[in-house]
Amino acid sequence: MWNGKRPKIAVLGGDARSPEAARRLSELGAEVVIAGRLPEVPIPEVRSAGGLDEALQGASAVLFGIHGVSEEGVVHSDQGAKMTIEHEALAGMQPESCLFVGKASNYLKNLTQKQKIEICEYRDRDDFAILNSIPSAEGAVLMAMDMTPITIFGSEALVLGLGRTGATLARTLKALGSRVAVAARKSVDLAKIVAEGFRPVEYSELGVAVDGADLIFNTVPALVLPEPILRRCRPEIAIVDLASAPGGVDFEAAKRLGIKAVLAPGLPGKVAPKSAGRYLAHLIVRHLKATGRPSGELLGDAGGWL
Ligand code: NAP
């Protein structure tokens, strides 16, 4: 049973966000153990575990990275650590503990089936994805700045998709003085685009819209920029594709056409790991408290969202 000590949280794998989340969880009162993704500089209050069994023993929560655990049971780490999670390791956790993972594989779901362990998938939760869109948008703008000889101010930008990332990106570009057009397929989204002061673009008119763009940012996880559309782009265009792999651009065609187009995964971990790590830590604390877990009661108030 729960023994009233500092709740133990294991942070396993992930990217540069993970150590920052670990640091924040420790500040909020957790005993934090990290494995598979080490910080550049050791964090005094966060202990590195020798292996998975040690990390999970007595833990009431586990934080995995966005990519979580593969179908072979390997915990994803951008440092390439090879840790395989097995049933026995989870057996050492506190009852009614919780695994936080971007997206859970079937392997992970099967592993938890026979135990009282909840999986909280955060990648598609609005309260995570909307915050995560802030560093994603800033990172995409940074990439566009690197790829072009012009300022964002006064540029013609086209954003594909008005989801969580597309909406924040469009606002960020507008705030920097770009003239922003946004493409969407739902009429309600096109109405929102107009109301926000952006230029609405329907997909049927994408060929015309790309013709006038200096910058294109894609957030749609489907092929929205095939070769015939790419052929309509200006030669000096810069295309930043944020959508999850394989993205929404025909990259082979872009290469053949001499168009600068990059797939830009994992931007929050690359450009703002501290902010993005705090979002993760706060999500964990909020969830443990909201679900009435003893571990949540013992953690400090996250004190706002940022
Ligand atoms: P979201 O809120 O679900 O938005 C996705 C957008 O794509 C919506 O506007 C959706 O329109 C549109 N869409 C989906 N399928 C479409 C299709 N076949 N044709 C036209 N439009 C389509 O997702 P999000 O949180 O903004 O994330 C967007 C993408 O970026 C995801 O792939 C996510 O994994 C990725 N992401 C990447 C980073 C990074 O660092 N690169 C960071 C965060 C997210 P409807 O509403 O009409 O479906």
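Just so you know, all these numbers are worked out from the coordinates, no wet-lab data involved. Note that the structure is a prediction, hence the values are computed from the model and not measured. Don't worry about glycine lacking a Cβ; one is built from the backbone with ideal geometry, like all the others, and counts go over all protein chains shown.
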Student exercise, the chain dipole from Lys, Arg, Asp, Glu Cβ charges, in Debye to nearest 20: 400
Taking the Cα centre of each part, how many Å lie between the range 240-306 and the range 1-46? 18
For the Cα atoms of the chain, what angle does the longest principal axis make with the long axis of helix 17-27, in degrees from 0 to 90, nearest 10? 50
Hey, if you put +1 on the Cβ of every Lys and Arg and -1 on every Asp and Glu Cβ in the chain, which of Leu111, Val194, Phe251 ends up farthest toward the positive end of that dipole? Val194
Between 0 and 90 degrees, rounded to the nearest ten: what's the tilt of helix 126-147 against the longest Cα principal axis of the chain? 50
Given only helices, namely DSSP H runs of n ≥ 4 each adding -39500 (n - 2.57), what is the per-residue ellipticity at 222 nm of the chain, to the nearest 500 deg cm²/dmol? -10500 deg cm²/dmol
No solvent, one uniform scatterer per C-alpha: report log10 I(q)/I(0) for the chain via the Debye equation at q = 0.09, 0.12, 0.13 1/Å, two decimals. -0.51, -0.81, -0.90
Treat the count of other C-beta atoms within 10 Å as a stand-in for reagent exposure and order Asp241, Asp301 from fewest to most. Asp301, Asp241
If one compares the long axis through the Cα atoms of helix 164-175 with the longest principal axis of the Cα atoms of the chain, the angle in degrees, nearest 10, works out at 60
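Give a quick list of trypsin sites (Lys or Arg not before Pro) in the range 108-150 that DSSP marks as loop, anything other than H, G, I, E or B, with at most 16 other Cβ atoms within 10 Å. Don't skip to the end; give the middle numbers.
Numbers: sites: Lys109, Lys114, Lys116, Arg123, Arg125; in loops: Lys114, Lys116, Arg123, Arg125.
Here the sparse-neighbourhood loop sites are Lys114, Lys116, Arg123, Arg125.
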Quick one: grab the alpha carbon gyration tensor of the range 219-306, order the square roots of its eigenvalues as a ≥ b ≥ c, and give me rounded if a/c is under 1.5, else prolate or oblate depending on whether a/b is larger than b/c. prolate
Of 171-178, 28-35, 42-49, ordering from highest average Cβ density within 10 Å down gives 28-35, 171-178, 42-49
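Is the range 111-209 rounded, prolate or oblate when judged by the Cα gyration tensor, a ≥ b ≥ c being the square roots of its eigenvalues, rounded requiring a/c under 1.5 and prolate requiring a/b larger than b/c? It would help to have the intermediate numbers written out before the result.
Details: a/c = 2.78, a/b = 1.75, b/c = 1.59.
In terms of gyration-tensor shape, prolate.
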Under the rule rounded for a/c under 1.5, else prolate if a/b exceeds b/c, else oblate, using alpha carbon gyration tensor axes a ≥ b ≥ c, the range 40-138 is classed as oblate
